[in-house]
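Working notes, structure below.
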Amino acid sequence: MAEPTKPTVLLFGFGDESSQYLTNQARALMDKHSKPRSILISDGDIMKPKYDAVTQRLIQYVRMGGTVVLGAYFSSSVRPLDFDKYIQENWSLPWRQSNYHRTTVHFNAACGADRRLPPSYSQKATHLKNVNRASAWYLPGEGSVIESTVFQSDPIVDKTESPIVLGQIGLQHGSKAKDKVHGSLDFYRDLFQRTCALDWTGVRKEASQFIETLERLCPAHLEEMRGIAQAAGVDDTDIIALSVRTEIVFGIFTDQPRLPVKVDGCTSVALRTNVGVVFLAQNWDWMVEQAPNLLVCHVSQPDTNTPSFVMVTEAGVIGKIGFNDAGVGVCLNAIRARGVDKFKLPVHLGLGAVLESESRQDAVNKLEANGVAGSAQILVADTTGATGLECTSEGITELDMDAKGRVVHSNHLLLAHPGLDELPWLCDSPARLARMHQRLDEKVSSGKDISASSLSEIFKDKEGYPCAINRSQSGGSKTGTLFNIITELSERRASVTFGRPTENGDSIQLAL
């Protein structure tokens, strides 16, 4: 048994043993050590059908943020076609087994691995092809040759093949939600063309301008985006564009304010009840054409200090609306103001930073330290209360809970931001804000405290239809409510209803 101060690593070898016995032992170990640092598979017998149950447990472990290493005797004990089939059918990866030879390989700085690894080494190894460059830890260099003491040293023809490869967490997002990722790309490709006169080549170009900032402020999230892209079979900048779409829009809006650029709207609230329960809730409003591309992501990073979290997001976007197992939650309101700072943290990456925070104050500190690139209201809450952060490219202003223990927001700035140009956008935003305060006051004045069910009823409000809290994409409204989420942070649980909350859409319960 590992010492308490050391990480737990599980080692599985399946060759020449009773399959049922080993399957049971592997399951027992994974049940006992639910969050090991990693699991090492030392031989190719894991690919046999009799170990399918173990493979599925390994896949589940990786989906929750774990690391599985296929190493030791593994590459020497598998046939190429068997490996290709196993990797494709079970792990949804494009990797294929390729050449086996000795050569000198060099550390790939683009992979994001620990730079203390050797800069180069010579090894006889099986190499993989169809590998995203960012996933390859080592690659042949310009002078690398097939090293042999018998035959002539021929040059390496394909310098993209690698003996050491790491597929990141985003691969699960990209592979399991591949159709939805492509759906998101189709939606935004059409939206940018229609509303901003910007084709997708232009969008990719805009997105690429954020890569340096992402490498500096959130390299792990950048690798996650690259993983999503690899598994979904799209370009890295396609996925980056989805997560920086807000900033791309604000950049266009700043330069060409007359263009009918679109950003998502919503109504959000955080409140502390009379008995101290903190709720965080919102209706997220956007175009109904994007509704099929919503998904729920559960993210866990074993043996780290990073909280596990769950979020409702658009496929391909790695930061959105949700909560974590430390009791920290986040909601988002779009704000339409000019200005974008490409050296600061994009809005959706800011949401991801909140979800990885240990407390509300930790989240606030992160965002204020890095700044936010575009305009938005990011509502952060934990079991102690809530803080609204009105973010612009110029800075962040905090909105504290009012005397009634609430922070309520819609789609316009409530605080003073000197020198900022916020043009009129959703004329119903002040009305929705006032209506939410009114409905909350009415509930409290009735003598009953706010509960999850009563809060749910308030979000069904249709005053001002179609531009109501419960919004409909009809008439003069170009967007509708795509989901409602009500989170009870002390219990680490949330109720999510997809579609307008009055239309009896699918409802799910989330818990950590």
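Please treat every number below as a calculation from the coordinates, not as lab data. In this text the structure is predicted, and so the values were computed from the model without any measurement. All Cβ positions, glycine included, derive from the backbone under ideal geometry; neighbour counts span all protein chains shown.
The table that follows gives values for the structure above.
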read-out	value
Förster-model FRET efficiency, 60 Å R0, A197 and R37, C-beta, rounded to 0.05	0.75
For the range 264-324: rounded, prolate or oblate by the Cα gyration tensor [a/c cutoff 1.5]	oblate
Spin-label model distance (nm) - S474 vs R216, 7 Å beyond Cα toward Cβ	4.9
Paired Rg and Dmax values of the chain, which use every Cα atom, in angstrom	25.0, 90
Label point distance in nm, T104-D158, each placed 7 Å from Cα along Cα→Cβ	2.4
Acute angle (nearest 10 degrees) that the helix 429-445 long axis makes with the longest principal axis of the chain, alpha-carbon atoms	80
Longest segment of the chain lacking trypsin sites (Lys or Arg not before Pro) that sit in a DSSP loop with at most 11 other Cβ atoms within 10 Å	259-447
Distance between modelled label sites at D52 and Q25, nm, 7 Å Cα→Cβ extension	2.4
Cut-off under 5 Å, modelled amide H: who pairs with L332 long-range	L379
Theoretical FRET efficiency, 1/(1+(r/R0)^6), r = Cβ-Cβ of D449 and E503, R0 35 Å, to 0.05	0.80
³J(HN,Hα) computed for each position of the range 355-362 - Karplus, 6.51 cos²θ - 1.76 cosθ + 1.60, integer Hz, glycine/proline x	5, 9, 9, 7, 7, 4, 5, 4
Test item: Cα-centred dipole of the chain, Lys/Arg +1 and Asp/Glu -1 on Cβ, debye	440
